[in-house]
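Below you'll find the structure, written out as C-alpha cells, and then a few comments.
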Amino acid sequence: MTTTVTPAQPPGREEIGRLYRTRLSKGRATLGELLGGELEMESQGAWVTTATGRRLLNCGGYGVLLMGARHPVVVAHVTEQLHRNPVATRVLLEPQAALAADALVAKAPAGLDRVHFACSGAEAVETAIKIARTRGKDRLIATHGGYHGKTMGALSLTGKDLFKEPFRPLLPGTCHVPYGDAEALAERLDAASGRACVVIEPVQGEAGVVLPPPGYLRTVQELCRAHDALFVLDEIQTGLGRLGSWWGADEEGLTPDLLLAGKGLGGGIMPVSAVIAAADVFGAFDRDPYLHTSTFSGMPLAMAAVRGALRAIEEEDLVTRARELGRVLLAGIGRIARECFGDLVREVRGRGLLIGVEFAGPGPAGDLLIELIRQGVVANHSLNSHLVLRFTPPAVLGPSEVQFLLAAFERACRVQAARYVPDIQTQEGGVAHAQR
C-alpha cells in the first residue's frame, strides 16, 4: 500500500521563533533572529531555499555537505533502502553494514581494516576513548584549540574552557598541549609511561582552520610509536575529500591506530560516523560485540547513505575537485579580504575546501557572517575562535557559483570595511585605499 503525504504549510517565522524560544532554546532563537530570521525550507546541491523564496549559497554546514544537499546518488541508495529495510533487528546479520564497512576500509589508510559505526562525531570520539581504555591507555592527550565534541568524554578532549567549565569534573587524566609543538607532546608522553592516547586533528577546523607545521603530524605518529601511545587521528571534519585528499593523513603518509570519520560520511542525508581501526587495536570489540553498542549504530538506512556517499565521491572525483576549487577560492577570498580590511586581516589560510579568514580583533568575523547572509551566502563561525570566519563549501560548485560566492564576499566586505577601516573607501567595481 502506497500512501501519499501532502506537506502542510508550516507556520510563519514569528510562530517558529516563538516555538524555538519556548520549546527549544531562547539562545538559539536569538541567534536565528540575529542572522536574519530566515526559515530554511528546502535544499538542493549548493543552495538552500527559505520560506520567502530566497536562495542562499550554502558554504557552511560545518563540513557535512561536501557533495551538496540531496545528491542524486546518495538519494537513490537511501530511497531504495527506505523501501526495503530502514532499521535492522540488530540480531540478524544485515548486508548494508558489511558492505559499507568494506567500502570505507577500501578508502582508508592501509592497515586499518575494522570499522565501528555510530551516529555522531562525538560518539566516534567516545568509542575511541573506550577502545583506548581496553588497551590500557587512560591518559588522554589532546591539543589547545582542538575540537572533538561535547559529550562528556569528547568534551574532556575539546580544547576550549568555555564549553567545559559548566560540566567539570570531566575525565581524569586528560591534558592539552599546544598544537604544532612536538616537544611539548614528547614531554607529556614521557610522563604518561606507556599509558597515553593522543587525539589530534590533521587540521584544526573549529580552532579556525589551523594548519600544522610541515612534518608535525609525522612526528606525532613517530612519538606515539616510540612511547607506546595510541595515536587517534580525528578526521570527522577533514576526511573524505574535504582537504583535497581522501584523508588529512594522506598529506604525510600517516597510518594512525584509529581514524575517526563523520560529517560527510552520510552524504549530507544521514547522520553517520565511524571509527576505522587496526585489527589488533580493535581486539576487545572483536571478541565481544556487546562491549560497546548503540541502537542505531550501523542502521541500514545510514549504511546505504555511506555507500552512496563513497560512490559519489569516487565517481565524480570530488577529492580532486575539492583541491582545485580550494585553490581558486583561497586565492580569491584572500585577495578580497586583504584589499578590504588591510592589516585587520591577520591571515587567510586553508586546505582544500576548508578555508578560514582570521582577523586581528573581535567583531569583523561575526559581522561578516551576518552580512554574507544578506548577500546570499551561508558561512560558518568557528566554535573555538571568535576571530575566524570559516568557509566549508561543497565540491559541486560550478564556475557561476564560484563567481557568485566571491562577488557576495566582496560586497559583504565592502559594507563591513566602511565600519572597521575608516581609511578604506569602497567604490563601485572594487575597493581602493584612500590617500592617507
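Please treat every number below as a calculation from the coordinates, not as lab data. Keep in mind that this is a model prediction, so the values were computed, not measured. For neighbour counting, all protein chains shown are included, and Cβ atoms are generated from backbone atoms with ideal geometry for every residue, glycine included.
Some points to look at:
- For region 278-350, the list of chymotrypsin sites (Phe, Trp or Tyr not before Pro) that fall in a loop by DSSP and count at most 10 other C-beta atoms within 10 angstrom reads Y290.
- Spin-label pair R133/H386, simplified geometry with 7 Å Cα→Cβ offset, distance in nm: 3.5 nm
- Rounded to the nearest Hz, the phi-derived 3J(HN,Hα) couplings of region 91-108 under the Karplus curve 6.51 cos²θ - 1.76 cosθ + 1.60 (θ = phi - 60°) are 10, 7, 6, 10, x, 4, 5, 5, 5, 5, 4, 5, 5, 6, 4, 4, 9, 7, where x marks glycine and proline.
- Going from the residue with the fewest nearby Cβ atoms within 10 Å to the one with the most, S156, S294 rank S294, S156.
- Ranked list, fewest to most other Cβ atoms within 10 Å of each Cβ, for L65, L82: L82, L65
- Unmatched cysteines, the chain - criterion: no other Cβ of a Cys under 4.7 angstrom: C59, C119, C175, C197, C224
- Options G398, V388, L344, ranked by Cα towards positive dipole end of region 327-407, top entry (Cβ charges): G398
- With an a/c value of 1.5 or above and a/b larger than b/c for the gyration tensor axes a ≥ b ≥ c computed over the alpha-carbon atoms, region 72-315 is described as prolate.
- Along the axis of the charge dipole computed for the chain (Cβ charges of +1 for Lys and Arg, -1 for Asp and Glu, origin at the Cα centre), the listed residues H71, V421, L34 are led at the positive end by L34.
- Computed over the chain, relative contact order equals 20 percent, with contacts defined as Cα pairs under 8 Å that lie 6+ residues apart.
- Estimated vicinal HN-Hα couplings, Hz - region 380-385 in sequence order (Karplus 6.51, -1.76, 1.60; Gly, Pro = x): 10, 8, 10, 4, 9, 7
- DSSP assigns beta bridges within region 180-319; of those with both partners inside it, close to 40 percent run antiparallel.
- Among P289, V105, L310 the positive-end extreme of the charge dipole of region 72-315 (Cβ point charges): P289
- Rounded, prolate or oblate (a/c below 1.5 giving rounded, otherwise prolate when a/b exceeds b/c) for region 168-237 by Cα gyration tensor: oblate
- Looking at region 208-266, none of the GluC sites (Glu not before Pro) sits in a DSSP loop with at most 10 other Cβ atoms within 10 Å of its own Cβ.
- Under the shape rule built on the C-alpha gyration tensor, where the axes satisfy a ≥ b ≥ c, region 147-278 is oblate, since a/c reaches at least 1.5 while a/b does not exceed b/c.
- Residue-averaged 222 nm ellipticity for the chain, from DSSP H runs of 4+ at -39500 (n - 2.57), nearest 500: -11500 deg cm²/dmol
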